[in-house]
1. Please get the size of the charge dipole for the stretch 474-532, origin at its Cα centre, with Cβ charges of +1 on Lys and Arg and -1 on Asp and Glu, quoted in debye to the nearest 20.
2. Distance cut-off 21 Å, Cα to Cα: go down the list K102/K505; K325/K396; K439/K479; K96/K136; K465/K570 and report the pairs above it.
3. Report the antiparallel proportion of the DSSP beta bridges in the chain as a percent, rounded to a multiple of 5.
4. Using every Cα-Cα pair within the stretch 169-208, state what percent have a distance larger than 12 Å.
5. Which order do H366, H83 take when ranked by solvent-accessible area (1.4 Å probe, heavy atoms of all protein chains), largest first?
6. Farthest toward the dipole's positive end in the chain, which of P126, I440, N426, given Cβ charges of +1 (Lys, Arg) and -1 (Asp, Glu) about the Cα centre?
7. Within the stretch 533-578, list the trypsin sites (Lys or Arg not before Pro) lying in a DSSP loop whose Cβ has at most 16 other Cβ atoms in a 10 Å radius.
8. What percent do you get for the relative contact order of the chain when only Cα pairs under 8 Å and 6+ apart count?
Amino acid sequence: MKLQTTAYMAILSSILALSGCAIAPANTISSNMKLPIDKPVADVVIRADITDPSAFQPKLYDMWNTINRIAPKNGVSAIDGLHINTVRMLGGITKKDSEGNKVPDLEYDTATYNPQTNSYEYNFTPLTDRIDTIIKQGGKLFQIVLDQPPWAFQTGHTFIPGDDFDGINFLEKQRVSHYGNSLPPKDMVAYNEFLQAMMKHLLVEYGTEQVLSWRFRIGTEIETPDHWYGTEADFLAHFGNSVNAIRAVLPNAIIGLHTRAPNFIYRNGTVTNYKFEPIKSFASALIEYSHKNNIQYDFWGISDYPFINNADTRDPRTKYDSFFKDLVEHPQWQTDAIVDIQEYSVITRMGFVAPIYAYITSQTPHADTFNVALTSEFYKNNIQQIFQWGLRSGDKPWFVEAFTSMVNQPRVLANVTTQNGKQVNNVDSIIVTDPNDNKITSITYHYDPRDLEATNNQEITQSFKTGFPAGTTYYYRKKLAAPEHHAFYTFMTLPNATSWLRTDKAYFTKYGNPDIDLNEAGKAQWQAYLHNNPSSWTRWESGTTVALDNNQESSLINLNSTLPLFSFEKTEIKWSNQ
């Protein structure tokens with residue numbers, strides 16, 4: 001005799017209720033969801049104790065809320081809700097002449113040199129115009145970069161022709177770099193006076209409170225020759241001079257810098273500066289110089305452009321040691337300073353790509369999951385910010401948006417092991433709890449840097465210890481971001497998809513992005529492609545907590561999921577169906 005479906009479901013619900021579980025209507029359970037369970041059954045278990053104050057870490061901060069914009073060349077527009085770091089705000093930029101050569105563009109310079117009066121004259125309108133644009137459009141100016149000095153501060157330099165340095169002067173061809181004026185100001189006193197005048201102007205225009213909310217960065221990747229043609233000693237003096245000028249006007253200004261990683265050596269030391277010194281990181285020298293001269297830096301930035309197609313650069317577990325460990329463990333490091341990634345994008349290639357691209361970004365589930373894994377590693381090591389390139393319009397990327405609701409809530413330590421207690425390397429979770437209502441939110445990821453072509457599923461159980469008695473009802477929903485939900489990834493799995501990639505260079509691959517990597521036929525196919533499987537939230541489901549070792553005051557939430565490789569899933573748990 002067969003039971004009718006309704007009767008069967010009622011009986012099954014009663015049985016599950018007795019065991020501490022609940023069943024939702026059949027049409028509300030997604031293929032990725034499992035019913036709540038009494039005990040962890042997956043091979044990988046993520047355990048977090050919401051009742052243990054010692055498991056609580058500092059509140060989650062918004063690591064991804066700042067983007068880089070080059071003003072004035074590319075404007076200062078930004079995605080709503082993201083802060084702006086403005087680059088090259090003093091001038092010192094280039095334009096192309098009628099023959100296509102880069103020449104100084106004086107339109108945006110904030111200082112000029114008057115040879116009749118032998119003095120510098122200031123015009124801060126180009127600077128304030130760009131700041132006003134950000135403010136008027138409702139943006140948040142987070143940081144102003146003082147990198148390329150105005151062209152006027154080349155006054156006094158002597159330039160020599162050819163390719164051979166004389167150990168004293170710069171080359172004629174170094175007047176104009178790829179980025180503009182990359183020379184140290186010749187007149188350090190005049191440059192100090194210029195920066196003081198700039199700060200006084202900003203205070204008059206915007207007030208002390210607002211200017212104190214902005215950060216000021218001295219330089220950009222200064223050990224990269226096209227950013228700085230001077231020596232290490234030149235930059236030490238320039239940095240100290242700049243900091244002293246700013247603090248002479250605003251003592252509590254937030255000031256920092258942007259170097260290469262401490263172990264950086266440009267082209268293995270085969271390229272030298274005009275003093276015949278190999279070009280390498282200034283980091284240790286800057287730390288020691290600042291300590292000796294009582295110069296305070298409030299933040300320190302490094303760049304990272306991980307290649308998703310390179311196993312050495314796409315492993316998030318190596319990043320802290322590679323970039324920051326030697327900084328913060330230097331015996332003279334200023335322990336109050338914070339550390340950032342001030343330039344960042346996941347890419348497949350660095351270098352000029354016709355017609356206008358400086359690099360090829362990776363628009364793949366592999367890159368998105370790498371970003372989530374990197375976030376987890378950086379939270380563990382107190383890295384504060386990751387400034388992104390390339391976000392100009394549209395919505396926030398989902399991996400960025402996913403963390404928004406978790407900000408300002410205490411992070412809870414997660415213990416990720418197999419059932420037999422072995423540590424797991426390719427699965428982890430970022431967990432927070434709301435102390436006001438005990439809501440729990442997690443982002444769990446499955447990422448392995450070894451092989452982009454690998455495909456496997458990982459069964460996981462999230463097990464949360466709560467302060468509620470067994471049998472307490474909770475509600476939960478999930479949102480999985482897996483390769484199948486990614487438009488470009490699924491597009492490149494279509495028959496004959498490889499024929500849609502450009503073949504003029506070997507670096508055009510399916511791990512890049514459609515705007516650059518596809519040929520004309522591929523772009524036409526991409527424009528016509530309809531991806532109808534976006535990542536989406538499940539419906540809210542209900543469950544009941546289960547007993548924990550006969551402890552009447554505590555109980556467990558156990559939730560199962562299946563995470564494909566290169567995927568991440570957000571889970572939200574609340575105690576009221578409101």
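1. Its charge dipole is roughly 320 debye.
2. Values: K102/K505 27 Å; K325/K396 30 Å; K439/K479 16 Å; K96/K136 30 Å; K465/K570 18 Å.
The answer is K102/K505; K325/K396; K96/K136.
3. Here the antiparallel bridges make up roughly 60 percent for the chain.
4. Counting pairs separated by more than 12 Å, the tail of P(r) holds 68 percent.
5. On the way: H366 5, H83 45 Å².
Reading off the accessible areas and sorting them downward yields H83, H366.
6. I440
7. Details: sites: R539, K570, K574; in loops: R539.
For trypsin sites (Lys or Arg not before Pro) across the stretch 533-578 that sit outside H, G, I, E and B with at most 16 neighbouring Cβ atoms in 10 Å, the list reads R539.
8. Values: 1187 pairs, mean separation 108.8, N = 578.
Relative contact order comes out at 19 percent.
The values are calculated or read from the model by the stated rules, or taken from the named source; none is laboratory data. The structure displayed is predicted, hence computed values, not measured ones. Counting neighbours? That spans all protein chains shown, and the Cβs are built from the backbone with ideal geometry, glycine included. Just so you know, the surface numbers come from the protein's heavy atoms only, side chains and all, with ligands and any DNA or RNA stripped out. Shrake-Rupley method; radii C 1.70, N 1.55, O 1.52, S 1.80 Å.
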